[in-house]
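Below: the structure, in structure tokens.
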Amino acid sequence: MSALRSIFSVLFPKDDKFFPMFRRIGEATVEAADLYTQLISETEREEQESIYPKIKAIETECDVIMVKIFDALNTALVAPFDREDIHELCGMLDDVVDLITSSAKRVLLYKPKQIPNKAMHMAEIILEGSKCIRTSMNELKTISKKPDLALEQCQKLHDLEHEGDDVYESFLQELFETETDAVELVKLKDLMQGMEFTIDRANSVGKALKTIIVKYA
């Protein structure tokens, strides 16, 4: 099968326009996550409000790139990977940036009295996962020959998901034991849950990537 694939790739070279777009999405994900950690750490409302539009602009840019990727899939004679796998990977990548953006929006909408320390921990996990995604996207072009670094990032994303689950569960236990303001409880629970969803989706990027590696490495 690998020999047949090699012959086919010579006769019909794969379109390389995809890889710069994937690399940009990886970089943009880190930029959004970094801005989100800044927003979470800010105590001044005006500073938070100045950061959010930057995150939103990154989300918009990623949406444009996704459209270009799907357009390229429709026109390319040979895609670098199975088209359904690219669709799956793009969906997960898009979700990560969307969830970072929505988490930032929640902070502005809910105006929590105080951002919990564990929220900063979750934001740092999101940022670390985003860096794993960036590294993986940079490896996509050579992943069939050198899959080890990408696989390492997949494992890190898996480990970060478990870390995020532990932080979230610990936070919930403390929240229900100490928070007496029901409205504030709902706000903080929803804010942290959105961050947990983001970490879970980052791990889904790793799972989609592993599917590609299994087929092409």
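Once Lys and Arg get +1 and Asp and Glu get -1 on their Cβ, which of Ile213, Asn203, Pro112 lies farthest toward the positive end of the dipole of segment 79-217?
The residue sitting farthest along the positive end of the dipole is Ile213.
Based only on the alpha carbon positions, what is the Kirkwood hydrodynamic radius of segment 103-185, in angstrom? Numbers along the way, then the final one.
Numbers: mean 1/r = 0.0668 Å⁻¹.
Evaluated on segment 103-185, it is 15.0 Å.
Compare the peptides 191-203, 142-154, 81-93, 165-177 by average per-residue count of other Cβ atoms within 10 angstrom and give them in order, highest first.
Values: 191-203: 22.1, 142-154: 16.0, 81-93: 17.9, 165-177: 14.0.
Put in order of decreasing packing, that is 191-203, 81-93, 142-154, 165-177.
Just to check I understand the Karplus step: with θ = phi - 60° and J = 6.51 cos²θ - 1.76 cosθ + 1.60, what whole-Hz values come out for segment 90-100, glycine and proline as x?
Taking θ as phi minus 60°, the curve returns 4, x, 5, 4, 4, 5, 4, 5, 4, 6, 4 Hz for segment 90-100.
For the chain, what relative contact order do you get, as a whole percent, if you take Cα pairs closer than 8 Å and at least 6 residues apart?
The value is 30 percent.
Applying the Karplus parametrisation 6.51 cos²θ - 1.76 cosθ + 1.60 with θ = phi - 60° to the phi angles of segment 28-35, what ³J(HN,Hα) value in whole Hz is obtained for each residue in order, glycine and proline being reported as x?
3J(HN,Hα) across segment 28-35, in whole Hz: 5, 5, 5, 4, 5, 5, 5, 4.
Using the Karplus equation 6.51 cos²θ - 1.76 cosθ + 1.60 (θ = phi - 60°), what ³J(HN,Hα) coupling, rounded to whole Hz, does each residue of segment 52-58 give in order, writing x for Gly and Pro?
4, x, 5, 5, 4, 5, 5
Could you tell me the ratio Rg/Rh of segment 35-139? Both radii from Cα atoms, Rh via Kirkwood.
Values: Rg = 16.4 Å, Rh = 15.4 Å.
Ratio of gyration radius to Kirkwood radius for segment 35-139: 1.07.
Taking the Cα centre of segment 138-189 as the origin and placing charges on Cβ (Lys, Arg +1; Asp, Glu -1), which of Thr142, Ala182, Leu157 is farthest toward the positive end of the dipole?
With unit charges placed on the Cβ atoms, the residue in question is Thr142.
Can you give me the relative contact order of segment 98-217 as a percent, contacts being Cα pairs under 8 Å and 6 or more apart?
43 percent.
Whole number please: convex hull volume per residue of the Cα set in the chain, in Å³? Mind dumping the intermediate values first?
Numbers: hull volume 22.4 nm³, N = 217.
So the per-residue hull volume is 103 Å³.
Could you compute Rg(Cα) / (2.2 N^0.38 Å) for segment 149-217, with N its residue count? Write down the numbers at each step before the final one.
On the way: Rg = 16.0 Å, N = 69, 2.2 N^0.38 = 11.0 Å.
Taking N as the residue count of segment 149-217, the ratio is 1.46.
In the chain, what percent of the accessible surface is made up of carbon and sulfur (1.4 Å probe, ligands and nucleic acids excluded)?
Numbers: 5860 of 10980 Å².
That fraction is 53 percent.
The values are calculated or read from the model by the stated rules, or taken from the named source; none is laboratory data. Everything quoted here is computed from the prediction, not taken from an experiment. No Cβ is skipped: glycine too gets one built from the backbone with ideal geometry, and neighbour counts run over all protein chains shown. Keep in mind that these areas ignore ligands, DNA and RNA; they rest on the heavy atoms of the full protein, side chains included. Shrake-Rupley method; radii C 1.70, N 1.55, O 1.52, S 1.80 Å.
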